[in-house]
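To start, the structure itself, in structure tokens.
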Amino acid sequence: MVGTRSHAFARALIARGHQVRMLCGGYTGAHTGLSGPFTQGRREGVVDGIEVVELAAPAGNAQSLPARAAKFLRFAWGASGRALASDADLIVATSTPLTVALPALVAKLARGKPYLFEVRDLWPELPVAMGVVRNPAVIGALSALEWAAYRGARAVIALSDGMAAGVARRGIASERIAVIPNGCDLDLFSPGATPAATPWKQAGEVAVLYAGAHGRANGLDHVLDVAARLRGSPLRLVLVGEGSEKPRLQARAAAEGLANVTFLDPVPRKTMPALMAACQIGLQSLDDVRAFQEGTSPNKLMDYLSAGLPVAITYQGWSARMVVGAGAGIAPARDPASFAAALVALAEDAALRTRMGAAARHLAEARFDRARLAEKFCAVVEAAAAGERRVAPLAPLLAA
């Protein structure tokens with residue numbers, strides 16, 4: 001939990017004199033800070049001043065969609081009981097998954113508890129656009145839940161302008177929508193970190209780091225297509241993380257003889273700065289789905305910026321416009337040959353990488369400092385708790 005958006009924002013609320021109780025489930029590769037056995041499906045404790053209740057409903061990227069859905073529903077069921085018994089002045093429900101809205105809605109309908117809803121991904125828009133969810137009944141149910149979650153909330157926080165527009169399309173007044181993107185942990189990630197050991201890297205190679213999930217949404221087949229065109233170049237693609245697609249991607253890389261691709265297991269967040277310091281370019285990859293272009297706010301992009309890495313983005317949209325406009329990276333055409341050529345050009349120009357890395361860190365400090373974003377979050381929470389529904393001025397659109 002330490003180092004996450006929710007942890008940082010909870011700590012900011014506590015610093016302003018509020019009491020915070022965090023209800024969460026387990027996640028593969030992450031830790032809540034609690035230890036010991038679960039009793040009646042949960043365990044509780046205090047972590048960094050936050051009252052944490054962890055339900056025994058662990059999920060992870062390596063699980064199938066049905067398995068994750070079952071965990072999401074299990075969490076929603078357990079969390080609904082806690083929400084009904086809560087003495088909180090305001091409930092904050094942060095998605096994904098969309099089912100986290102259920103406990104908030106239950107508490108509002110049964111006890112009149114107000115809640116704030118945070119949208120980290122547009123559901124069901126994104127899974128439908130990807131073709132992951134196709135059953136009309138499921139789509140209808142998710143769409144109804146989305147509408148109810150937005151309508152019932154005192155205010156909605158979106159992580160990008162595109163997400164805010166998606167919320168507004170469901171009939172929510174723009175003044176009720178605040179935009180607070182994922183932020184940069186400037187203390188944990190910095191350009192001066194000590195590099196990790198790189199036994200997988202040969203002398204003279206330029207390492208391009210992808211750190212994140214290996215699922216359908218991440219578009220890593222395109223990355224392997226690019227790797228096939230980088231044979232003989234000084235570039236090495238380093239893919240770190242886990243996900244349901246990873247075994248297949250590893251098998252494909254082996255079958256095609258992509259010796260310039262290295263797969264690494266997930267690493268703890270506290271050791272990620274050293275790995276980033278050992279690489280020269282950060283790779284932000286998503287599938288070629290139009291809904292991703294404006295409707296996402298990638299965590300790892302913020303880490304690359306904080307670490308002062310020039311960023312190569314595989315898709316268009318607000319992230320690409322921002323990074324290219326700031327001189328902090330590249331967003332070449334989607335076709336593998338063009339993308340590979342752009343990476344080679346960047347790999348061969350160390351001075352350009354240095355300038356882009358400095359611009360990336362400046363962008364992190366100027367626009368995405370998590371500490372400042374946490375203050376905006378606190379202001380929106382306090383306004384919602386006080387019954388104020390006009391929150392947009394507290395955290396306006398990124399492009400405003």
*Taking the range 277-311, which residues are crowded, with 24+ Cβ neighbours inside 10 Å and farther than 21 Å from residue 215 by Cα?*
279, 281, 305, 306, 307, 308, 309, 310
*asked:* Among the residues of the range 130-153, are any closer than 20 Å to residue 393 by Cβ and open to solvent by less than 30 Å² (accessible area, probe 1.4 Å)?
replied: yes
*asked:* Can you report the number of residues in the range 224-237 which are crowded, with 22+ Cβ neighbours inside 10 Å and not in a loop (DSSP other than H, G, I, E, B)?
replied: 5
*Restricting attention to the range 324-379, and to residues there that are among the basic types (Lys, Arg) and outside any loop (DSSP other than H, G, I, E, B), which single residue is surrounded by the most Cβ atoms within 10 Å (Cβ to Cβ)?*
370
*Qualifying positions in the range 96-129 - in contact with a Pro (Cβ under 8 Å, 6 or more places away or on another chain), under 25 Å from residue 288 (Cβ atoms) and open to solvent by 30 Å² or more (accessible area, probe 1.4 Å)*: 123
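Results for (1) farther than 30 Å from residue 247 by Cα; (2) surrounded by fewer than 16 Cβ atoms within 10 Å (Cβ to Cβ); (3) not hydroxyl-bearing (Ser, Thr, Tyr), shown as yes or no for each residue.
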{"site": "32", "(1), (2), (3)": "no, no, no"}
{"site": "50", "(1), (2), (3)": "yes, no, yes"}
{"site": "65", "(1), (2), (3)": "no, yes, yes"}
{"site": "68", "(1), (2), (3)": "no, no, yes"}
{"site": "79", "(1), (2), (3)": "yes, no, yes"}
{"site": "83", "(1), (2), (3)": "yes, no, yes"}
{"site": "93", "(1), (2), (3)": "yes, no, yes"}
*If you go through the range 244-261 one residue at a time, how many are under 30 Å from residue 194 (Cα atoms), open to solvent by less than 70 Å² (accessible area, probe 1.4 Å) and out of contact with any helix residue (DSSP H, G or I) (no Cβ under 9 Å at 6 or more places or on another chain)?*
0
*If you go through the range 294-316 one residue at a time, do you hit one that is of a type in the set (Asp, Glu) and part of a loop (DSSP other than H, G, I, E, B)?*
no
*What single numbered condition from (1) crowded, with 18+ Cβ neighbours inside 10 Å; (2) over 23 Å from the mean Cα position of the chain (by Cα); (3) not hydroxyl-bearing (Ser, Thr, Tyr) fails to hold for residue 218?*
(2)
*Give the residues of the range 147-177 that are in contact with a helix residue (DSSP H, G or I) (Cβ under 7 Å, 6 or more places away or on another chain) and under 20 Å from residue 106 (Cβ atoms), sorted by residue number.*
148, 149, 150, 152, 154, 155, 156
*Answer with yes or no whether residue 261 is hydrophobic (A, V, I, L, M, F, W, C) and at pLDDT below 95.*
no
_Selection from the range 52-63 of residues that are closer than 27 Å to residue 19 by Cβ and either surrounded by 20 or more Cβ atoms within 10 Å (Cβ to Cβ) or out of contact with any helix residue (DSSP H, G or I) (no Cβ under 9 Å at 6 or more places or on another chain) (or both)_ = 52, 54, 55, 57
*Determine whether the range 175-198 contains at least one residue that is free of Cβ contacts under 8 Å to residues at least 40 places away in the same chain, open to solvent by 30 Å² or more (accessible area, probe 1.4 Å) and within 23 Å of the chain's Cα centre (by Cα).*
yes
*Inspect all residues belonging to the range 13-20 and state whether any of them is under 22 Å from the mean Cα position of the chain (by Cα) and either surrounded by fewer than 18 Cβ atoms within 10 Å (Cβ to Cβ) or not in a loop (DSSP other than H, G, I, E, B) (or both).*
yes
*Take the range 84-138 and flag every residue that is assigned to a helix (DSSP H, G or I) and within 22 Å of residue 391 (Cβ to Cβ).*
98, 100, 101, 103, 104, 105, 107, 108
*For the range 81-97, does any single residue satisfy the condition of being at pLDDT 95 or above and among the basic types (Lys, Arg)?*
no
*Based on what the data block shows, is residue 23 outside any strand (DSSP E or B) and either buried (at least 16 other Cβ atoms within 10 Å of the Cβ) or at pLDDT 90 or above (or both)?*
no
*Can you work out which of the residues in the range 380-395 that are in contact with a helix residue (DSSP H, G or I) (Cβ under 8 Å, 6 or more places away or on another chain) and open to solvent by less than 10 Å² (accessible area, probe 1.4 Å) is nearest to residue 168 (Cα to Cα)?*
391
*residue 306 passes all but one of (1) out of contact with any Cys (no Cβ under 8 Å at 6 or more places or on another chain); (2) among the polar types (S, T, N, Q); (3) touching a residue at least 24 places away in the same chain (Cβ under 8 Å); which number fails?*
(1)
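The values are calculated or read from the model by the stated rules, or taken from the named source; none is laboratory data. As the structure is a computational prediction, the values presented were derived from the model and not from experiment. Methodologically, a virtual Cβ is constructed for each residue, glycine included, from the backbone with ideal geometry; neighbour enumeration extends over all protein chains shown. The protein model used for the area step is the full one, side chains on, heavy atoms only, and it has no ligands, DNA or RNA in it. Shrake-Rupley method; radii C 1.70, N 1.55, O 1.52, S 1.80 Å.
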